[in-house]
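Structure first, commentary second.
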Amino acid sequence: MLCGVLLTACQNMPNTLWMHQAETTAAEPSEENTSVTISDLYSTPAFDAQIALSVHDLRLLTFAQQTTLPPGVPARFKLDNVTKHCGLRALPSPAVSLDASFDARQRQTLLNYATQYNQVIISACERIFGRSLR
C-alpha cells in the first residue's frame, strides 16, 4: 500500500527540477568567465582521486616520457610493479611544453595536483596489492 502511494506521488510530481536543469544546460556560457586555467582544472586532487577510486580506476598520474616513479609515490615501490598493478595515466609534461603560455606556476600546479592525487591512489593500491608493489 505504502509503495503504491509513494509511486503515485512520485509520478504526479511536477518536472520543474528537470525543466530547470534543462534550461540551465541549454543556456549560453557566460561571457564574463569563459577562460579556464590550469589552476581551475586541477584544484581538487583528493576529491578527484576518490571519484577515480569509486569507479575502480587505480591509475596513477605521471608525466609524458617520465621514467621514474610518479609524483607522490614513495620510493619503497618499484615502477614496474606500480605500473603493472595500478597503471599510469599521463598528464602534460611540466618540464617540456609546446605552449609558451604554460608557465612555471602552471607546471607547479600540475605537479602538486599529481602528487596529492597519487598519494590517495597509491594508498588504495597498497591496501589492495600490498607487498607486490615493492
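Bear in mind that the values in this text are calculations on the coordinates, not laboratory data. Fair warning: this is a prediction, and the values are worked out from it, not measured in the lab.
Across the stretch 109-120, rounded Karplus estimates of 3J(HN,Hα) from the backbone phi angles (6.51 cos²θ - 1.76 cosθ + 1.60, θ = phi - 60°) give 4, 4, 5, 4, 4, 4, 4, 5, 4, 5, 4, 5 Hz, Gly and Pro being marked x.
Remark on Leu88: its backbone amide H falls under 5 Å from those of Leu60, a criterion applied only to residues 5 or more positions apart or on other chains, H modelled at 1.01 Å from N.
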